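Accompanying notes for the structure given below.
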Amino acid sequence: MYHVVGCSDCGALRIIEDRPESTQCGRCGTRRKFKQVRSFVTTDDLDHAREVRASMLANRQGEGEAFAKVESFAELDDAVADGVIDDAEFLEASGLDVDEVNAAGDRASGGGSRSLSRKETVEAALRELDRPTEDEVVAFAEEHGVPADYVERALQKLVRRGEVSESRGRYRRL
């Protein structure tokens, strides 16, 4: 289940998965028990939760009418997917040999030994670890030279943007 909730201190709106015991606002850091947090919508459809949150944010900015004219997230995703060709099709249409391009890419990257940026390291931790805690993401990132304070800020930003959900102290990519 997904819940669109609001922070009683700063008014931030976010989407929370499941029903955690407590939740922390990604903007101001206020921690509350879930039963004390105002939940505007509860749904099992992430797209519906995203729609409600986006609509509420648009209305706050006085842009409710403009938002009503925009298609739903699911329809926009479909429209984007319909208009996109994959890399192989693009390369072939450009007259390039796909195998040669892939081989050149492997050579240029040194067989995968390139170092990751700080953000890429945090994203890699979320991708490679199974529903990690903040401490697990920090440990992964520190092994790759990324400081803990950066990881904490990055996780908060990813949750705030809706790219990652946090439930019961565990993180998951959306």
Notebook entry, point to check: Is there a residue in region 70-88 that is touching an Asp or Glu at 6+ places or on another chain (Cβ under 8 Å), at pLDDT below 85 and hydroxyl-bearing (S, T, Y)?
Noted result: yes
Notebook entry, point to check: Hey, among the residues in region 49-59 that are in contact with a helix residue (DSSP H, G or I) (Cβ under 7 Å, 6 or more places away or on another chain) and more than 14 Å from R14 (Cβ to Cβ), which one's least open to solvent (accessible area, probe 1.4 Å)?
Noted result: A58
Check: For region 1-48, which strands (runs of 3 or more DSSP E) that fit wholly inside it have 1 or more residues that are open to solvent by 80 Å² or more (accessible area, probe 1.4 Å) and not aromatic (F, W, Y)?
Finding: 31-33, 38-43
Checklist line | Residue within region 111-121 that is open to solvent by less than 90 Å² (accessible area, probe 1.4 Å), in contact with a Leu (Cβ under 6 Å, 6 or more places away or on another chain) and under 26 Å from V164 (Cα atoms) present | finding: no
Check: If you go through region 124-168, how many residues are of a type outside the set (A, V, I, L, M, F, W, C) and in contact (Cβ under 8 Å) with a residue 40 or more places away in the chain?
Finding: 10
Next item on the list: Answer with yes or no whether D149 is more than 28 Å from V52 (Cα to Cα), acidic (D, E) and modelled with pLDDT of 90 or more.
Entry: yes
Margin query: Can you pull out every residue in region 89-110 that is at pLDDT 80 or above and on the phi > 0 side of the Ramachandran plot?
Written below: G95
Note to self: Let me spell it out: the conditions are (1) open to solvent by less than 90 Å² (accessible area, probe 1.4 Å); (2) of a type outside the set (D, E); (3) within 14 Å of the chain's Cα centre (by Cα), and G169 meets all of them except one. Which number is the exception?
What the structure shows: (3)
Notebook entry, point to check: Does region 60-92 hold any residues that are open to solvent by 90 Å² or more (accessible area, probe 1.4 Å) and part of a helix (DSSP H, G or I), and which are they?
Noted result: R60, E65, K69, E75, D78, V80, D82, D87, E89, F90, E92
Note to self: Looking for something exposed (fewer than 12 other Cβ atoms within 10 Å of the Cβ), over 30 Å from G11 (Cα atoms) and over 15 Å from the mean Cα position of the chain (by Cα) - is there at least one such residue anywhere in region 139-147?
What the structure shows: yes
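The values are calculated or read from the model by the stated rules, or taken from the named source; none is laboratory data. Just so we're clear, the structure is a prediction, and the values are computed from it rather than from any experiment. So basically every Cβ, Gly included, is an ideal-geometry build from the backbone, and we count neighbours across all protein chains shown. The accessibility values were calculated without ligands, DNA or RNA, using every heavy atom of the protein model including side chains. Shrake-Rupley method; radii C 1.70, N 1.55, O 1.52, S 1.80 Å.
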